[in-house]
Amino acid sequence: MYTFYTDKTEIFECNISLQGAKLTDSKARLILESDDYNLVFYGAITKDGKCTIPVKKLKSVLSENTKGKVKLEVIAEDTYFEPWADDFDVETSKKVQVEVKSSNKTPIVESSEKKIKVTVNNDLNKVTQDFVDILNKKGITIFTIKEHSKFINKVGSLLIERYNLKESDIPQLINDVIKRL
């Protein structure tokens, strides 16, 4: 049984050998026959006999679990051939299944007395990673920081300026860079 999908385009491929006619002058098509629809997809045959037929997403035409017959038709000059046929079904390639279990937990009650605000500074993480990457490329380690202090100060100043960091972010940046080295 051949499977087609509702949610993805695919390429039907096969090899064809033909005697008495030129492959380049031949045509190929794939026919899907179901109870509700008959679909035709046209393809091409190369001179070495490789046949490719694009089959578009079937979502808007055939539903999942549709079954039917599929056949390959080849027309060589003025002769019709049906060299291959099979049953087909239609599936969805991507599926999600959710199982919700009931719970007896009491719901969380929001209080207006105290609130916590959390802010994540992604810029500081980006600056830290950029800083560490530059130091690693120069071969600077935790043990060679003192020898390269002028270079480190210059790079740090440039990154702080580029990312518009606040002065209060600088101690955190230094600590994070040292931890990552």
Practice problem: Output the qualifying pairs, or none if there are none: Cβ atoms under 8 angstrom, residues six or more apart or on different chains, first residue in the range 129-144 and touching a residue at least 12 places away in the same chain (Cβ under 8 Å), second residue among the small types (Gly, Ala, Ser). | Solution: Phe131/Gly156
Quiz item: Which one is surrounded by the fewest Cβ atoms within 10 Å (Cβ to Cβ), of the residues in the range 142-172 that are over 15 Å from Asp130 (Cβ atoms) and of a type in the set (Ser, Thr, Tyr)?
Solution: Ser168
Quiz item: In the range 94-145, which residues are modelled with pLDDT of 75 or more, polar (S, T, N, Q) and part of a loop (DSSP other than H, G, I, E, B)?
Solution: Thr141, Thr144
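Per-residue answers, yes or no, for (1) more than 29 Å from the chain's Cα centre (by Cα); (2) closer than 12 Å to Leu58 by Cβ; (3) of a type in the set (A, V, I, L, M):
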site: Phe4; (1), (2), (3): no, yes, no
site: Lys8; (1), (2), (3): no, yes, no
site: Cys14; (1), (2), (3): no, no, no
site: Ala21; (1), (2), (3): yes, no, yes
site: Arg29; (1), (2), (3): yes, no, no
site: Leu32; (1), (2), (3): no, yes, yes
site: Leu39; (1), (2), (3): no, yes, yes
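Consider Ile16 carefully, then state whether it is within 17 Å of Pro83 (Cβ to Cβ) and among the β-branched types (Val, Ile, Thr).
yes
The values are calculated or read from the model by the stated rules, or taken from the named source; none is laboratory data. All values derive from a computational prediction rather than experimental measurement. Cβ atoms come from the backbone with ideal geometry, glycine included; neighbour counts cover every protein chain shown.
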